Every structure is written in C-alpha cells, then in structure tokens.
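Visitor: First the structure, which I've put down as structure tokens, then a few questions once you've had a look.
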Amino acid sequence: MIQNNRKIITIAIITFFVILLVVDRYYWAQISQWREDQATNIWLGYTSGVRNIPVGLISSTDIPNPNGMVLLGFILSALPNLLSVSFFLGLIQIVLLTLVGWRSFGRDWKYFLLAVIPSLLSVILRSSSVEFWNQYTMTLVNICFIYLAVRYLEKPSLWSLPPIIVLILLAPSLYLAGIVNAIVMAFLTSIILLYRRPRLNGAFPVLIILLILISSSIILTWHPYFQNVGLEQILGYRKGSLGMVGTLHTFWNAFWSLPNYVTFQWTNSSEFDLTFKHASPQLLSSTSNFLLKLVGRTYLLQAVFAFTVFASLLVAIVWKLTSSKNFEIRVNSPALRLVILAGLFISLSYGISSWLNGPAWIEGERPDQTVQFLPMFLFIIFLLPTAILIGGCAGKIISGISYISLAGFSIINILCGFLIIRDHLQYRGDVLTEADVPLIQKMQALDFIVTDWKKRSNSNIIPVDYDIGGGKWDWVPEFGNKLLQWYPAPMTQGRSFDYELLRHYDLINWQEGKQIRAFGNARYLVTYAFEAPPQSNRTGIRHYIFGRLRVSVLEE
C-alpha cells in the first residue's frame, strides 16, 4: 500500500513538472522575437522550395551562410504559425535534454535530476530555446551529439555513426561558425571510436547510408553554395596564421583555463542582455533584475563548490593510495563520462574558434554564440561533485549540499523566468530592446487586420505597411539588398507579419516583391504604440492598440 502511494505521488510530481515545462515554453514562445533574420529564413523555406535555395542569409562577416537554416525553415513551415514553431523548438530542447539524462543515468533519479534539471530550468536556455536563430539552434545540435556519444559509449555500434554524421554535416550548413562544432564533433567521434571499437557487423549498409548522407548534403547545400560563394571568400576571413607555437598556446589556454571560464563566464548578470534577448534591465522590473543577479550568483556558488569538492576528492584518492587509510571511494562512471564529454567539447570549441580567428569565446566575446555550450557548463558544475563518490559523513554532506544548491538554482531560475515573461507581456513603456515586442501582440494585431479586411474584400492582396524600425532595425531594407542576387526582396521590414499573412491566412502583402517599401498609402499601417501615430490626408484614420503595437486604419 505504501509503495503504491509512493508510486502515485511520484507519477503526480512528474506529471506536474512536465506540464510546468510545457506551459513555460508556450509562454516563452509568446514573447519570442521573430524579427527579420528569423522570419526571412522561414519565409524563404516556405516560398522558395528546396531546389531554389542556393544560400542562407548574410553573416556578420558579409559572407552568405549556407542554406541549412532555410532548409530547416522549409521543414518548420509545416507548422501552422510562428507561435507553434517557437513552441516546437522549445519542446525539442526539453526532449533532447531529458534523453541525455535518461541515457546517462536511467532510473537513477539522484543523478538524473542533477544532470537535467539545471538546463531545463535555466532562464537563459528557456528564453533562447524558442528563438529561430542560427547560434541558438546550435544548442540543439550540441545536445543531440552528447546524447549520441553517450549512447555509443554505452553500446558501441556502427549504426550510431549515421546520426552523428548528420549532425557533423548539419552544423556548418546552419551557420558558418558551425564549422567549429563540426570539427569538434568529428574529432570526438574519432576518439570514442578508438576508445571503444565497434563490431564491424553490418559495416557495408552503414557505409552506404553514410555515402547517401554525404552526397545529399553536397547536392542540397554545398554544391549550390560554392556555385555562388567562392572558397577564397571563406578562407580569406582567416587572416594570418598562429604558427605552431601560437596554436599550441591557444589550445593549452583553452584546456587549462576551463575551470576559470566554467566558473565565471555565466556569473555577470550585467552581460546577460548580450546573451539572450529578454534580459535588458531597462525593460525588466527591479525584482526581475534582482533575480537575474541571483541567477549569476547561484551559478558561481555551485561552480566554486563543484571544483572545490572535485579537487578535494582527488586529494582523497591520492591519500588513500599512499597511506594505510581505508575508506570507501569510487568513480561514478556515468557522471564522469558526461563531465569529460562536456569539458572536451567546450575546450576544443573555444580553442578552435580562436585558432580560426573567430570570436575569442574564452575572453567573453560574442556571448550570444556561447549559449549553445551552456547545457555542458551546467553538466560540469552540477555533476562534478558526484563524479567521484566517497562514503561516510563526507559523502552525505556533499550530496546534501548538491541538492540544496540544485533546489536554490532551480527556484531562482523558475521565478526569474516567470517574472521576465510577465514583464514583457505587461510592459507598455517606450523602451525598445532587442527582444522587440512579444510575438503574441503581433499575432493579435494581424488577426484584427485580417478580420477587418475580410469584411471588406475577397481579394488575397492585402494593403499593409510597416514602420517598425524603431531605431534598431531601420537598417534592414538596405541590408536586404545584399540578398537580391539570389531571392526577390526577401528581407524587408515586417517579414514576420507577411509570413503569417501568407502561411496562416493565405494573403499577400500588396508591396510584396519590393525591397524598399513606401509607407503611408495602405489601408493598414503598423507602427509602435509608443511612437507618434502616423498622419494622413485622408478623411478618417482610426488607431487600435495591441500591447505595444498600433494598427492605424485609413478610411477610403
């Protein structure tokens, strides 16, 4: 009877937690950004077709990215609207993180919780999980690789290679900087193949599948890409060479500085707004800003605790080997394996990025690009104290502090996330941040526009103009000119609105096909509610407010 009650309670707790995670990601999806970069990727995927996608968007180095994000946009466009796309991306992250924990620890809940809960509840990962950005999408690729690597190490099989090869091919196609991830995954795959050699049974069909995957990648991505982008453009970005000494120093620094940047990289809340879009202190309440500081502090405390405990346990091992003292101490292989995989992935990535003259992540450059490694940072700091288990009172103290820290980190991140969502949904001031206005407000404005239009006309051409540069995105139309040699006016202001109009309502903006669009002549004018309303010479103009957006309707 008691056992049945415990089982019911356990199922109830798990069900509640799953519902909490799902609802949480849905609300994060409501405040997702969906500005022109994200929207253009899915727009091109929906409108161009797989055979007509030679390149992706222009990167920060003025070189076109490969077409991986657009191809992914083609797949995601099967979902009914942008809200469902963001929600789906958030759910995928939940599933992959859970698979890593389950594959590593099975039903050993003590370590499963330490591995999975921090990443599932991290406010940074929850916020970024719903964004269709290149660098944030790489988080899913990395987590998936860790899962496949753990699965292979548990049960070596050649059949683990095809999905790993898919990830290696996918990473640079999503993002030019993903070449770093591809190199790291290829190197680590080689290491684990040598460490645990698989049986060669079924080698021929696996080889055929690998050839098909590589050929498909060449046909879909790399052949059209290099027909339009010269190899010298990419190689030219890597200016100079570090030489042998410089290369050795770079990788030495990346490996031996690992405890330093694992400890301090995610502790400074003043830099969080560079990391994820929803963290701007100007928009958030004082309580949210305070909790963001606590997010950094609890991370720091756990990191210091982790490295202190691990160093002490190493000393204990040496003491046991060199003395007659007899006490229980053993290696927790699943935890240590996950820590080693995460540490190698991070340090190799940081070293290779610097070696390729990319961002110096080790020095804190481009923190938005390092979000992809945050799950691995969390694996390290929460599993490291349990990678070596010691018996007696010391072991109980370490375990107790680990779970107290886990509880504190989780509660603070949950509350912080809830308050950030509330702040963005309720804010009505004039501060415009990189997060833009919540997606749900854009959808409400569009629903009003479409409802009004269908009362007046049966045409599928709808007159909507946008003036939503806000001083942050005024560069978009001119920048979009760089894509005109491949696509007809894809990157324009209001692209997320136009995608929703086409995908969800089967309507086409009356200025579609124009890169530089006029403003003020359409029936519907979309502007920010905190800016001056548009003026018109027409006899009547009515304004409707949807959160921080204004829809102005010009009467005929």
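The values are calculated or read from the model by the stated rules, or taken from the named source; none is laboratory data. It should be emphasised that the depicted structure is a prediction, and the values quoted were computed from it without experimental measurement. Please note: Cβ atoms are built from the backbone with ideal geometry, for glycine as well, and neighbour counts cover all protein chains shown.
Visitor: Being of a type in the set (Val, Ile, Thr), surrounded by 14 or more Cβ atoms within 10 Å (Cβ to Cβ) and modelled with pLDDT of 85 or more narrows it down to one residue among VAL295, VAL331, VAL315; which is it?
Guide: Being of a type in the set (Val, Ile, Thr), surrounded by 14 or more Cβ atoms within 10 Å (Cβ to Cβ) and modelled with pLDDT of 85 or more holds for just one of VAL295, VAL331, VAL315, which is VAL295.
Visitor: Can I ask one more? Could you count how many residues in segment 423-434 are more than 21 Å from the chain's Cα centre (by Cα) and in contact (Cβ under 8 Å) with a residue 60 or more places away in the chain?
Guide: Going through segment 423-434 one residue at a time, the tally reaches 8.
Visitor: Let me ask another. Collect the residues in segment 243-275 that are in contact with a Lys or Arg (Cβ under 8 Å, 6 or more places away or on another chain) and in a helix (DSSP H, G or I), keeping them in residue-number order.
Guide: Listed by number, the list holds a single entry, SER269.
Visitor: Taking the stated definitions as given, is ASP467 touching a residue at least 40 places away in the same chain (Cβ under 8 Å), under 25 Å from the mean Cα position of the chain (by Cα) and on the phi < 0 side of the Ramachandran plot?
Guide: no
Visitor: Residues in segment 369-390: is at least one surrounded by fewer than 23 Cβ atoms within 10 Å (Cβ to Cβ) and without any contact (Cβ under 8 Å) to a residue 40 or more places away in the chain?
Guide: no
Visitor: So which residues in segment 314-329 are without any contact (Cβ under 8 Å) to a residue 60 or more places away in the chain and within 26 Å of TYR261 (Cβ to Cβ)?
Guide: VAL315
Visitor: Please specify each residue of segment 34-55 satisfying the condition of being within 21 Å of SER129 (Cβ to Cβ) and in contact with a Pro (Cβ under 7 Å, 6 or more places away or on another chain).
Guide: THR40
Visitor: What number of residues within segment 67-108 are farther than 20 Å from ARG25 by Cα and out of contact with any Ser or Thr (no Cβ under 9 Å at 6 or more places or on another chain)?
Guide: Residues in segment 67-108 being farther than 20 Å from ARG25 by Cα and out of contact with any Ser or Thr (no Cβ under 9 Å at 6 or more places or on another chain): 8 in total.
Visitor: Restricting attention to helices (runs of 4 or more DSSP H) lying wholly within segment 429-543, give those where 2 or more residues are over 30 Å from VAL229 (Cα atoms).
Guide: The helices (runs of 4 or more DSSP H) meeting that bar are 439-456, 495-505.
Visitor: Anything in segment 261-292 that is aliphatic (A, V, I, L, M) and surrounded by fewer than 19 Cβ atoms within 10 Å (Cβ to Cβ)? List them, or say none.
Guide: LEU274
Visitor: So which of LEU313, LEU292 is within 21 Å of MET376 (Cα to Cα) and assigned to a helix (DSSP H, G or I)?
Guide: Only one candidate passes the filter, namely LEU292.
Visitor: Another question, then. Looking at (1) among the charged types (D, E, K, R); (2) within 30 Å of LEU113 (Cβ to Cβ); (3) outside the structural domain of ILE421 (by TED's automatic domain parsing), which one does ARG51 not meet, given that it meets all the others?
Guide: (2)
Visitor: Moving on. Can you give me the number of residues within segment 294-310 that are among the aliphatic types (A, V, I, L, M) and either over 24 Å from LYS396 (Cβ atoms) or not assigned by TED's automatic domain parsing to the domain that holds LEU406 (or both)?
Guide: The qualifying residues number 3.
Visitor: Looking at this structure, is PRO385 over 25 Å from the mean Cα position of the chain (by Cα), assigned by TED's automatic domain parsing to the domain that holds ASP108, under 16 Å from PHE112 (Cα atoms) and assigned to a helix (DSSP H, G or I)?
Guide: Yes; evaluated as a whole, the condition is true for this residue.
Visitor: Of the residues that sit in segment 197-219 and are outside any helix (DSSP H, G or I) and surrounded by 12 or more Cβ atoms within 10 Å (Cβ to Cβ), which one is modelled with the lowest pLDDT?
Guide: Restricting to residues being outside any helix (DSSP H, G or I) and surrounded by 12 or more Cβ atoms within 10 Å (Cβ to Cβ), the top hit is GLY202.
Visitor: Let me ask you something else. Could you tell me which residue of segment 520-556 is surrounded by the most Cβ atoms within 10 Å (Cβ to Cβ), considering only residues that are of a type outside the set (A, V, I, L, M), closer than 30 Å to ASP423 by Cβ and touching a Pro at 6+ places or on another chain (Cβ under 9 Å)?
Guide: Here the residue is TYR524.
Visitor: If you don't mind, there's one more thing I want to ask. The conditions are (1) among the charged types (D, E, K, R); (2) at pLDDT 95 or above; (3) over 22 Å from THR433 (Cβ atoms), and ARG548 fails exactly one of them. Which is it?
Guide: ARG548 satisfies all of (1) among the charged types (D, E, K, R); (2) at pLDDT 95 or above; (3) over 22 Å from THR433 (Cβ atoms) except (3).
Visitor: Do we find that SER60 is without any contact (Cβ under 8 Å) to a residue 24 or more places away in the chain, out of contact with any Asp or Glu (no Cβ under 8 Å at 6 or more places or on another chain), of a type outside the set (A, V, I, L, M, F, W, C) and under 16 Å from LEU483 (Cβ atoms) in this structure?
Guide: So SER60 passes the test.
Visitor: Restricting to segment 281-313, count the residues that are touching a residue at least 60 places away in the same chain (Cβ under 8 Å), under 30 Å from ILE390 (Cβ atoms) and of a type in the set (S, T, N, Q).
Guide: 2
Visitor: Quick check: is even one residue across segment 343-365 among the acidic types (Asp, Glu) and farther than 23 Å from MET376 by Cβ?
Guide: No, segment 343-365 has no match at all.
Visitor: Taking segment 172-191 only, how many residues are buried (at least 20 other Cβ atoms within 10 Å of the Cβ) and in contact with a helix residue (DSSP H, G or I) (Cβ under 6 Å, 6 or more places away or on another chain)?
Guide: Adding up the residues that qualify gives 10.
Visitor: A further question follows. Please verify whether SER349 is farther than 20 Å from VAL123 by Cβ and among the hydroxyl-bearing types (Ser, Thr, Tyr), treating the condition exactly as stated.
Guide: Answer is yes for this residue.
Visitor: If you don't mind, there's one more thing I want to ask. When segment 522-556 is examined, which residues are found to be touching a residue at least 12 places away in the same chain (Cβ under 8 Å) and among the small types (Gly, Ala, Ser)?
Guide: Those that are touching a residue at least 12 places away in the same chain (Cβ under 8 Å) and among the small types (Gly, Ala, Ser): ALA522, ALA529, SER536, GLY540, GLY547, SER552.
Visitor: Which residue out of VAL18, VAL23, VAL70 is in contact with a Leu (Cβ under 7 Å, 6 or more places away or on another chain) and without any contact (Cβ under 8 Å) to a residue 60 or more places away in the chain?
Guide: VAL70
Visitor: In addition: So is GLN33 buried (at least 19 other Cβ atoms within 10 Å of the Cβ) and not in a helix (DSSP H, G or I) or not?
Guide: Here the answer is yes, as GLN33 does meet what is asked.
Visitor: Does segment 428-463 hold any residues that are of a type in the set (A, V, I, L, M) and over 25 Å from VAL130 (Cβ atoms), and which are they?
Guide: ILE461, ILE462 - these are the residues of segment 428-463 that are of a type in the set (A, V, I, L, M) and over 25 Å from VAL130 (Cβ atoms).
Visitor: Out of segment 48-61, which residues are assigned to a helix (DSSP H, G or I) and either modelled with pLDDT of 95 or more or crowded, with 24+ Cβ neighbours inside 10 Å (or both)?
Guide: Hits for segment 48-61: nothing passes.
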